[in-house]
Amino acid sequence: MIRQEFKNYIGMSENFRYRGEEQTRVETFSDAVFALAITLLIVSAEVPDNFVEMRLFIFDIIPFALCMGFITYVWYEHYLFFVRFGFRSKKIVLLNATLLFFLLLYVYPLKFLAKLLVGIYGNMIIKLFGITGTSFPATSSMIQGQEMSELMIIYGLGAALIFFMLVLMYRYALRNRENLGLSKIEVFEATSSLQSHILMGSVPVLSVLVALIFGHTLAGSIVSGFIYLLYWPLFPIWGRLRSRKMRREFPAIKS
């Protein structure tokens, strides 16, 4: 009953016949791994022994929120896949296990980068507006300038592997469209999800390529990070193209 209500009221597409109503052990195991990933974000922080350390712990809230937001997004896309198709095949179990493996490996690089960026840009904002009496922890001891490109490579590879595993899972579903009895609109929706995951994974790959090509230069260290700003124009453009195609192919259905 809870699963049915969740499906009905959290913005799920009305164009899909959901085949994964009953939660499988694969999903139960996956949810435990996602919970473990969030737990690792917490246990990596030490318990404060004094008020100074308590203030530093409070500054960790923003990086933690960013990391939890990313993990929640991946969890939701994972949930959406299984509630759509309800797979129990060996191939999906293998792909799913690989996805979870990459996710757990990604937790610490994700939090490290989040803390680094919050520290850098947080202190920049504080200095810009002349705020006194507070500051984010210094980041100079966290990483050297020439190591930034290596960090972007590690971060980009992790993100790309996670989203390309979702791509492979949707590719498997589309290959089995006849066995699943997918309608044309369901194939369109599944293809759209596959395309969105390709976009999500391609930007990190581009960042990694920039970091590899330019190495420890300014482009390798900084430009590779700003590559992620491409998400802002790419997804609105893709969304408009998707909506136009949907209106053209399914005029009776709201996009």
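Read-outs throughout are calculated quantities, based only on the coordinates presented, and are distinct from any laboratory measurement. Keep in mind that what you see is a predicted model, and the values were worked out from it rather than measured. Methodologically, a virtual Cβ is constructed for each residue, glycine included, from the backbone with ideal geometry; neighbour enumeration extends over all protein chains shown.
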- Item | Arg171-Ile253 pseudo-label distance in nm [points 7 Å out on the Cα-to-Cβ vector] | 2.4 nm
- Item | Extension gain from Glu178 to Ile61, taking 0.36 nm per residue of separation minus the Cα-Cα distance | 37.4 nm
- In percent, how large is the relative contact order of the stretch 161-255, given Cα pairs closer than 8 Å and 6 or more residues apart? 23 percent
- Task: Indicate the gyration tensor shape class of the stretch 143-255 (rounded, prolate or oblate), computed on the Cα atoms with a ≥ b ≥ c the square roots of the eigenvalues: a/c under 1.5 is rounded; otherwise a/b larger than b/c is prolate and the rest oblate.
- Result: oblate
